[in-house]
1. For segment 140-286, with every protein chain kept in place, what is the accessible area per residue (1.4 Å probe, Å²)?
2. Starting from the residue with the highest accessible area, list I269, I100 in decreasing order, probe 1.4 Å.
3. For the chain, give the share of DSSP beta bridges that are antiparallel, in percent and rounded to the nearest 5; count only bridges with both residues there.
4. Which trypsin sites (Lys or Arg not before Pro) in segment 1-50 sit in a loop by DSSP (not H, G, I, E or B) and have at most 15 other Cβ atoms within 10 Å of their own Cβ?
5. List, in order, the whole-Hz ³J(HN,Hα) value for each residue of segment 267-281 obtained from phi through the Karplus relation with A = 6.51, B = -1.76, C = 1.60 and θ = phi - 60°; use x for Gly and Pro.
6. Considering only DSSP beta bridges where both residues belong to segment 140-286, give the percentage that are antiparallel (nearest 5).
7. Can you bin segment 227-293 into rounded, prolate or oblate? Criterion: square roots of the alpha carbon gyration tensor eigenvalues sorted a ≥ b ≥ c, rounded for a/c under 1.5, prolate for a/b above b/c, oblate for the rest.
8. Helix 172-183 sits at what angle to the longest principal axis of the chain, using alpha carbons and giving 0 to 90 degrees rounded to 10?
Amino acid sequence: MSTKQLSTKHLLGIKYITSDDAKLIFKTADSFKEVINRPIKKVPSLRDVTIANLFYENSTRTKLSFELAEKRLSADVINFSASSSSVKKGETLLDTVNNILSMKVDMVVMRHPAPGAHHFLAQHIDANIINAGDGTHEHPTQALLDAYSIRETIGDLHGKKIVIIGDITHSRVALSNIFCLQKLGARVKVCGPPTLIPKYIKSLGVEVEYNLLKALKWCDVANILRIQLERQDIKFIPSLREYALYYGVNKKVLDQVGKDIVIMHPGPINRGVELSSDVADSDQSIILQQVENGVAVRMAVLYLLADRRGDR
Ligand code: NCD
């Protein structure tokens, strides 16, 4: 499909790939998007490849999307979920993975609560490692599918204005999006209550806006994130009701913006908190397009990394 290669054999984070890597992934995803819209949605590209999906944290969309991408490429797939495995009996991450690799697995897609778990694995095993989310750190395939969806909707990202709204502190989607959008030449702002925006964020070249209406008036695209209550051991906001009042994106606030902006959300949506149903289900929303593109983008990532199997 392509003679070009990625600069890396793992996808540990957007921080570690180049803008050329991202563009190659998008170009490859274009072809796969065409494939998954055919009556026969499958290609034999990874027929000799075995992929293990290791999920140490809950997931719906990402897990289904990776599994579907792998199957559309004709890979052999094994699934592992920490809640129903020997991890509960005290096995270490490296032992679990080495056991799985003895079964001749070529690629590992992993979601893990510990930031850096993927780097650790990459140092110890030969398989290609793909980060499907590491704690509050990175979620590279989500950022790639988000950037791909923006590109598809409003064209080249260069100079485009994207605002990421919500719980920036606890969101791996936010950090990967910031890295990815900036690498592709977009301007990025974050918006949310001060307690949910990390102090270091400006050092990443990101602007901060605490006023939702001003942020929406500035942007071309608003990527709206969930409040990650499961990662908050103390209270960062008084209540979800109050959050929705000041930062919830709804029809009423969008009517005051005076232009049509693109609405995105990685899911799962807490309807009525960060986003109202009339906006989530409106023509401005590309949320389901993001899900569709997720499969094509993940096919591209798997295909291109498989091409670098065996490289050190
Ligand atoms: C996100 C995640 O798990 O990081 N969802 C996803 O992958 N589609 C965001 C979230 O959980 O809010």
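The values are calculated or read from the model by the stated rules, or taken from the named source; none is laboratory data. Because the structure is a prediction, the values reported are computed rather than measured. Cβ coordinates were reconstructed from backbone atoms using ideal geometry, including for glycine residues, and neighbour counts include every protein chain displayed. What goes into the accessible areas is simple: the full protein's heavy atoms, side chains included, and nothing from ligands, DNA or RNA. Shrake-Rupley method; radii C 1.70, N 1.55, O 1.52, S 1.80 Å.
1. Accessible area per residue, segment 140-286: 43 Å².
2. From most accessible down to least: I269, I100.
3. 5 percent
4. On the way: sites: K4, K9, K15, K23, K27, K33, K41, K42, R47; in loops: K4, K9, K41, K42, R47.
Taking segment 1-50 and a limit of 15 other Cβ atoms within 10 Å, the loop trypsin sites (Lys or Arg not before Pro) found are K4, K41, K42, R47.
5. Listing the rounded values in order: x, x, 7, 9, 4, x, 9, 7, 8, 8, 5, 5, 8, 4, 9 Hz.
6. About 0 percent, rounded to the nearest 5.
7. In terms of gyration-tensor shape, oblate.
8. That works out to roughly 90 degrees.
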